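The values are calculated or read from the model by the stated rules, or taken from the named source; none is laboratory data. Keep in mind that what you see is a predicted model, and the values were worked out from it rather than measured. When we count neighbours, we look across all protein chains shown, and the Cβ atoms used for this are built from the backbone with ideal geometry, even at glycine. Areas reflect the complete protein model, heavy atoms only, side chains present, ligands, DNA and RNA absent. Shrake-Rupley method; radii C 1.70, N 1.55, O 1.52, S 1.80 Å.
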Amino acid sequence: MGCTRDAILEALENLTADEFKKFKLKLLSVPLRDGYGRIPRGSLQSMDAVDLSDKLVSCYLEAYSAELTAQVLQDMGMQETAERLQKITHKGSAAVPDDIKGRTPTSAVSSGPHFVDQHRAALIARVTDVDGVLDALYGKVLAEEQYQAVRVEPTNPGKMRKLYSFAPAWDLTCKDLLLEALKNTQPYLVADLEKKS
């Protein structure tokens, strides 16, 4: 899991002091995907390369943090550094986490929408153990800020709606992890919805 963080750190450490300052400035204005918030300007300004690489990965997760870093580097005209970062992180992304190996993605089994997309309305209305689902997704699919944003919602349907607001940035693996978390915490609900599929 440290491969992306190390690659981002290496890219940031190769910047001059002025380039690093410019990187942080551009990071404050670069367009972000839906569901992601900005790193506050006050804390960003005092960070060194190590702190910033940690913060990027914790806020934006591994894949998106590398993409975002490369995007800012490209905006700065540092194509070579951005391309090197993308090559390193794309090599690392081929490694599949141990807890996902051997599992057939739900999307590969059935053509059409993923289970979590197909049953969105029912899951929002019927999931009762949202905190258990969040705990299973924390660090794998949800960054700390996203996790907290969902937790503060007062009702379970509100929490599920907030969780789904991050879904546009997810790939199939993220959706499979959500389905697995639902199967572990709400097995009867998932079985009931599978019958209706």
Original post:
Using alpha-carbon pairs under 8 Å, 6+ residues apart, how would you state the relative contact order of the stretch 114-180 in percent?
Top reply: 42
**OP:** May I ask you to give the solvent-accessible area per residue for the chain, in square angstrom, as obtained with a 1.4 angstrom probe?
**Re:** 53
Original post:
Which percent of the accessible area of the chain is formed by carbon and sulfur heavy atoms (probe 1.4 angstrom)?
Top reply: 52
Subject >> Whole-number D in µm² s⁻¹ for the chain, Kirkwood Cα-pair radius fed into Stokes-Einstein, 25 °C, 0.890 mPa s >> reply: 135
**OP:** Mind jotting down the distance between the C-alpha centroids of the stretch 26-63 and the stretch 122-161, whole Å?
**Re:** 22
Subject >> Cα lying deepest toward the dipole's positive end in the chain, options ILE88, ALA70, MET160, charges on Cβ >> reply: MET160
Original post:
Of LYS21/LYS140; LYS22/LYS55; LYS87/LYS162; LYS140/LYS175; LYS26/LYS55, which ones are farther than 22 Å apart at the Cα?
Top reply: LYS21/LYS140; LYS87/LYS162
Subject >> Residue range of the chain that is longest and free of trypsin sites (Lys or Arg not before Pro) which are both DSSP loop and sparsely packed (at most 13 other C-beta within 10 Å) >> reply: 104-197
Subject >> Dipole magnitude (debye, nearest 20) for the chain, charges at Cβ of Lys, Arg, Asp, Glu >> reply: 600
Original post:
What does the charge add up to near GLU153, with Lys and Arg as +1, Asp and Glu as -1, over the other residues with Cβ less than 10 Å from its Cβ?
Top reply: +4
Original post:
Applying the Karplus parametrisation 6.51 cos²θ - 1.76 cosθ + 1.60 with θ = phi - 60° to the phi angles of the stretch 28-35, what ³J(HN,Hα) value in whole Hz is obtained for each residue in order, glycine and proline being reported as x?
Top reply: 6, 10, 5, x, 10, 5, 4, x
Original post:
On the first, second and third principal axes, largest extent first, how far apart are the outermost C-alpha atoms of the stretch 141-190 in Å?
Top reply: 25, 24, 16
**OP:** Would you kindly find the accessible area of THR155, with a 1.4 Å probe and non-protein molecules such as ligands, DNA and RNA excluded, rounding to the nearest 10 Å²?
**Re:** 70
Original post:
So what is the calculated 222 nm ellipticity per residue for the chain, using -39500 (n - 2.57) for each DSSP H run with n of 4 or more, over all residues, to the nearest 500 deg cm²/dmol?
Top reply: -20000 deg cm²/dmol
**OP:** State whether the stretch 1-54 is rounded, prolate or oblate according to the following rule on the C-alpha gyration tensor (a ≥ b ≥ c being the square roots of its eigenvalues): a/c under 1.5 gives rounded; otherwise a/b larger than b/c gives prolate, and the remaining case gives oblate.
**Re:** oblate
